[in-house]
Amino acid sequence: MTLAGEIDHDTGETLRQALDLSVTGQPRIVADLRQVTFMDSSGINILLTAHHAATEAGGRLRLAAPTPAVLRTLQIVGIDQIIDCHPTLQDALDH
């Protein structure tokens, strides 16, 4: 899944719906963050919820190619230690 723009309180519901895993068995999702320019706590919470749902369903969520600003946010709150975060989309797809 390719994400773009800002992920915040105003846009979070769209992402939450896209990551709804209630109808999927063993989801394997790679979120391509190359075009995300900003992410606040709303986005972080949505990714955490999706990660937990995917893990509970026997699947996974991986993050790929975050921009420097988004990567810094992920690192500050420790998400990069919880959700697999890869420097490139290809790396995320390969692992």
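All told, residue 50 falls short of being under 22 Å from residue 13 (Cα atoms) and touching a Ser or Thr at 6+ places or on another chain (Cβ under 9 Å). Considering only residues that are within 12 Å of residue 82 (Cβ to Cβ) and at pLDDT below 95, which ones fall in region 19-48? None - no residue of region 19-48 is within 12 Å of residue 82 (Cβ to Cβ) and at pLDDT below 95, so the list stays empty. Quick check on region 54-68. Is at least one of its residues part of a helix (DSSP H, G or I) and at pLDDT 95 or above? Checking region 54-68: at least one residue is part of a helix (DSSP H, G or I) and at pLDDT 95 or above. Within region 6-42, the set of residues being surrounded by 12 or more Cβ atoms within 10 Å (Cβ to Cβ) and either within 10 Å of the chain's Cα centre (by Cα) or among the small types (Gly, Ala, Ser) (or both) comprises 12, 15, 18, 19, 29, 30, 31, 32, 33, 41, 42. Residues in region 67-91 that are charged (D, E, K, R) and over 17 Å from residue 28 (Cα atoms) were compared, and the one that is surrounded by the fewest Cβ atoms within 10 Å (Cβ to Cβ) is 72. When residue 30 is tested against (1) touching a helix residue (DSSP H, G or I) at 6+ places or on another chain (Cβ under 9 Å); (2) in a helix (DSSP H, G or I); (3) closer than 22 Å to residue 90 by Cα, only condition (2) is not met.
The values are calculated or read from the model by the stated rules, or taken from the named source; none is laboratory data. Computed from a prediction, not measured in an experiment: that's the story for all the values here. Note that each Cβ is placed from the backbone with ideal geometry, even for glycine, and that neighbours are counted across all protein chains shown.
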